[in-house]
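Structure first, commentary second.
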Amino acid sequence: MGSRNLLVALSGQPNCGKSTVFNLLTGARQHVANYPGVTVEKKTGVYTAGGGRVELVDLPGTYSLTSYSLEERVARDFLLGDNPDVVIDVADASNLKRNLYLLVQLLEMEAPVILNLNMMDVAERRGQTIYVDRLQEILGVPVVPTKAKKGEGREALREAVESLAAAPSRENGFRIDYGPMEPYIVELEEMLRADSVLSIRYPVRWFAIKLLENDEGAAEMLAHTHPDAERVMALVGACRDRFREESANAAERHVAFTRHGLCARIAGETVSIPADGRRSMSDLADRYVCNRFLGPLILVAILMVLYQVAIVFGNWLALQVWPLWGAVENFAADVLPAAGFIDDPLLRALGLWVVKSTTAILNYLPIFLLLFALIAVLEDSGYMPRMAFILDRLFRRFGLHGQSTLPMILGGVYVGGCAIPGVMATKAIPDERARLATIMIVPMMNCLAKVPLYLILIGAYFADTGGLAMFFIATVTLFMALPVAKLLTMTVLKKQPSAPFIMEMPPYHLPTVTGVLRRAFERVWLFLKKIVTVVAAVAVVVFALINYPGLTESRRAYYQSQEDEAVSAFMAEVGKTGYQGRIAAGDVLPIILFDESLKRAKQGITDQAESDVVNGRFEAENPVYYAVVKRVGKDGKALNKALKKVDRVRKTVRREARAERFETSFLGIMGRALEPVTQWAGFNWRINIALLSAFAAKENSAATLGSIYGIDGGQTVQESMKAGEAGFTALHALALMLFMALYPPCVPTSIMVRHQSNSTKWMLFSIAYQTLLGLFVASLVFTGGKALGLSGFQTMWAFYGLCVAATLVMALIPTPEEKEVAPLINASCKENCS
């Protein structure tokens, strides 16, 4: 091919080993982005051959090239719009008949195709023999066997790409005979060929077949290209009607059955299967894994293991890693301007706020890494499609998809997930309507960040029935999410495209450590790039809202007098010691900060010798400060006691000033403004502030309550809250827990919703509907329970029963697909399609 650069597309059905072939050809040098305007991931890689540069584009895995799913449309648009020089169609050699279905569509599109028979080792293990030469002769395209998992076949595939690209003509003359439909195809072809633009831009025969198939994407292309699209569509409609009358079959079914029949004949002629009829290990395993009764039990067991490893062990791992993020925060605290007595300098306050907001997200990295690794194991092993198969029937009743299971688990279907990876995992759902419905309900799951607030409220108001209260909040969210999903799919999402459930059960594979780790780290890196980069910007906005306009001059003067009084008392004690003249009033705050620095430097040190080294370093730095904070000598002990009093005053003043600053901040003003609305849910302005601050990150709700009610006085937050809110009851706590359960997605999750839905509208909708729903439910529970004279515990279980009943009722309402259900497979095609 000389030094010519090439664009090569890699197509294939899911689970055919396409990613492995991609890595085989490019050495895993890849760039990941999205296709323009959609959320489908686009992976590209480059390798050199013959002095030229070959750009390899990994198309989404699809079973077909129709308009049913976003992946199918993206793959087809790329093939038509970018006109790749070569298309490598990766096929699972052990399952050739089904994989040929995509190939024949590529050939109909007149794409320059190479058929890559991957996983030849699996086919050989099953005793299958594939007559490659005969297959090549029938199809008229190069056929290259590979064992990508073992690194075999790379050079042959690269040579085939070069040869096909250099060939003077790449027409293969492949044509499917559609029998009784041929006259209609020809009639339509003649009309389409009359338009020079369309006939140049698209393969005309393929276009005519797609129109007869009633393909929405083809109709849209026609409307944008043909000057008299209405007349063409009128002919299409007439042809479809006449064909249906003559053959008693719909055109799209006839096309699908013909293609499947052709694939079956080609496979029958080119593949030799052992005559003993032995069933593969995968088939034997599926007798139990996909069994109607055993399948769900096995699924629950696997999900329990996934939950224990990713969430429970991941949380423990996060605690072990936390000192690393603590060190980052300490480093930032050391390099930023020193803290003040009442307020910190702006640069320090803002810098630490941003750093802590970022480390709060980074703290979840161990959980994400384990989750992504386990997802890769489920995908590579072949269990993921079986999980979707087992749950699809149930989830379809609520407008969801079998593959909605994993996002809900990651989001925290019980307790302890995170909505960000949950929303990210919806990428795998092929049904756009079900995918959006899943995105809308994943934030309703019990993510880890909601748990601190639950624990505070349960500890404060359900101390005697804490276990039952935790079970309630952990499970009621699912009974709220399922009816909501059904409602959304019947209303705002009903016009979204829906795809039929087509799922191939690939053979089981043993995942490789390299493959699992590579995919896990790739996804973690994507997560970091997409989320952390925006956290800092959002943190700055929240910081401004919660800290400005700040304290009035009179209040500042009041807190300054508290500081002056405390410092004066300390200096009076200094005058009684030998340090008089060596310690001035301006040294009081530096001594306190010196003490804090010494404590930070010794964090995690258990060895006495190492501790002595740190002490020696600080003593050499400032012997006077060291003597006071380490109680050296009689004077040191006396001043240390006085210093602790000053420190207590400082903490109290800072806490009170912070709480007052919150109250008078823009966020505080909003909290008070919302009281007329939130009073029906039992929320006052302090609760409103805590909830508003949680929009940045849900952990903020507990942290803000701690700031408001105080955590420096020797009491827990729940104790301080009960003492500070005398009128609060268990009913208030229940309403607040339910509002938090339905709380709108936090900022990072909202950004992920925007990314996955590719729509700001859906992001704003997810925020708005969950806010309104949460407020409605909280008001219903609080006002209703109060009106009926029920306690918080009684209201809790009355509401639980209501949610379970609503779930059952919604399950009985048929979905639009159930109303117009039509069999896609009939007896005549069963043999060919199986």
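Taking (1) of a type in the set (S, T, N, Q); (2) farther than 19 Å from Gly575 by Cβ; (3) open to solvent by less than 20 Å² (accessible area, probe 1.4 Å) in turn, Asn640 satisfies each apart from (2). Among the helices (runs of 4 or more DSSP H) confined to region 598-708, the ones with at least 2 residues that are closer than 30 Å to Gly581 by Cβ and modelled with pLDDT of 90 or more are located at 608-621, 623-629, 633-664. Taken over region 234-274, the residue count meeting the criterion of being hydrophobic (A, V, I, L, M, F, W, C), in contact with a helix residue (DSSP H, G or I) (Cβ under 7 Å, 6 or more places away or on another chain) and in a helix (DSSP H, G or I) is 12. On the stretch given as region 194-218, residues that are within 22 Å of Leu106 (Cα to Cα), in a helix (DSSP H, G or I), out of contact with any His (no Cβ under 9 Å at 6 or more places or on another chain) and modelled with pLDDT under 90 total 6. Scanning region 322-354 for residues that are more than 18 Å from Arg658 (Cβ to Cβ) and β-branched (Val, Ile, Thr) yields Val328, Val335. Of the residues examined, Val328 is one that is of a type outside the set (Phe, Trp, Tyr), open to solvent by 40 Å² or more (accessible area, probe 1.4 Å) and modelled with pLDDT of 85 or more. Residue count for region 88-99 under the criterion of being over 32 Å from the mean Cα position of the chain (by Cα), crowded, with 24+ Cβ neighbours inside 10 Å and aliphatic (A, V, I, L, M): the result is 1. Candidates Val442, Val415, Val451: the one that is modelled with pLDDT under 80 and either outside any helix (DSSP H, G or I) or closer than 19 Å to Pro483 by Cβ (or both) is Val415.
If the condition is being open to solvent by 50 Å² or more (accessible area, probe 1.4 Å), touching a residue at least 40 places away in the same chain (Cβ under 8 Å) and in a helix (DSSP H, G or I), then region 756-779 contributes only Phe765. Within region 106-149, the residues that satisfy the criterion of being in a helix (DSSP H, G or I) and of a type outside the set (A, V, I, L, M, F, W, C) are Glu108, Asp121, Glu124, Arg125, Asp133, Arg134, Gln136, Glu137, Lys149. Just to be sure, is Leu235 in contact with an Asp or Glu (Cβ under 9 Å, 6 or more places away or on another chain), at negative phi and surrounded by 12 or more Cβ atoms within 10 Å (Cβ to Cβ)? Taking the combined requirement at face value, the residue satisfies it. Summed over region 648-686, the residues that are among the aliphatic types (A, V, I, L, M), closer than 26 Å to Ile751 by Cβ and either surrounded by 17 or more Cβ atoms within 10 Å (Cβ to Cβ) or touching an Asp or Glu at 6+ places or on another chain (Cβ under 8 Å) (or both) give a count of 2. Do we find a residue being hydroxyl-bearing (Ser, Thr, Tyr), in contact (Cβ under 8 Å) with a residue 40 or more places away in the chain and not in a helix (DSSP H, G or I) anywhere in region 180-189? Within region 180-189 (the criterion being hydroxyl-bearing (Ser, Thr, Tyr), in contact (Cβ under 8 Å) with a residue 40 or more places away in the chain and not in a helix (DSSP H, G or I)), the answer is no, since none of the residues qualifies.
Residues in region 116-167 that are within 15 Å of Gly17 (Cα to Cα), touching a Ser or Thr at 6+ places or on another chain (Cβ under 8 Å), open to solvent by less than 60 Å² (accessible area, probe 1.4 Å) and of a type outside the set (Val, Ile, Thr): Asn116, Leu117, Asn118, Met119, Met120, Ala123, Ala148, Gly153, Leu157. Please verify whether Lys576 is open to solvent by 80 Å² or more (accessible area, probe 1.4 Å) and either part of a loop (DSSP other than H, G, I, E, B) or not basic (Lys, Arg) (or both), treating the condition exactly as stated. So Lys576 fits the description; yes. Please work out if Leu102 is touching a residue at least 12 places away in the same chain (Cβ under 8 Å), open to solvent by less than 10 Å² (accessible area, probe 1.4 Å), outside any strand (DSSP E or B) and over 21 Å from Leu7 (Cβ atoms). No: the conditions fail for Leu102. Examine region 77-85 for a residue that is open to solvent by less than 10 Å² (accessible area, probe 1.4 Å) and of a type in the set (A, V, I, L, M), and state whether such a residue exists. No. A single entry from Val492, Val516, Val484 fulfils the requirement of being assigned to a loop (DSSP other than H, G, I, E, B) and either touching a residue at least 12 places away in the same chain (Cβ under 8 Å) or open to solvent by 20 Å² or more (accessible area, probe 1.4 Å) (or both): Val492. Restricting to region 331-359, give me the number of residues that are open to solvent by 60 Å² or more (accessible area, probe 1.4 Å), at pLDDT 85 or above and within 19 Å of Ala696 (Cα to Cα). Going through region 331-359 one residue at a time, the tally reaches 0.
So, in region 321-346, of the ones that are part of a helix (DSSP H, G or I) and without any contact (Cβ under 8 Å) to a residue 12 or more places away in the chain, which residue ends up nearest to Glu553 (Cα to Cα)? Selected residue: Leu346.
To keep it simple, each residue is scored yes or no on (1) within 23 Å of Arg73 (Cβ to Cβ); (2) in contact with a Leu (Cβ under 8 Å, 6 or more places away or on another chain); (3) buried (at least 18 other Cβ atoms within 10 Å of the Cβ).
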residue: Val186; (1), (2), (3): no, no, no
residue: Ala194; (1), (2), (3): no, no, no
residue: Leu198; (1), (2), (3): yes, yes, yes
residue: Glu216; (1), (2), (3): yes, no, no
residue: His224; (1), (2), (3): yes, no, no
residue: Arg231; (1), (2), (3): no, no, no
residue: Ile266; (1), (2), (3): no, yes, yes
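The values are calculated or read from the model by the stated rules, or taken from the named source; none is laboratory data. Keep in mind it's a predicted model, so treat the numbers as computed, not measured. Neighbour counts are summed over all protein chains in view; Cβ atoms, including those assigned to glycine, are modelled from backbone coordinates with ideal geometry. Side chains are part of the model used for accessible areas, which takes the heavy atoms of the whole protein and leaves out ligands, DNA and RNA. Shrake-Rupley method; radii C 1.70, N 1.55, O 1.52, S 1.80 Å.
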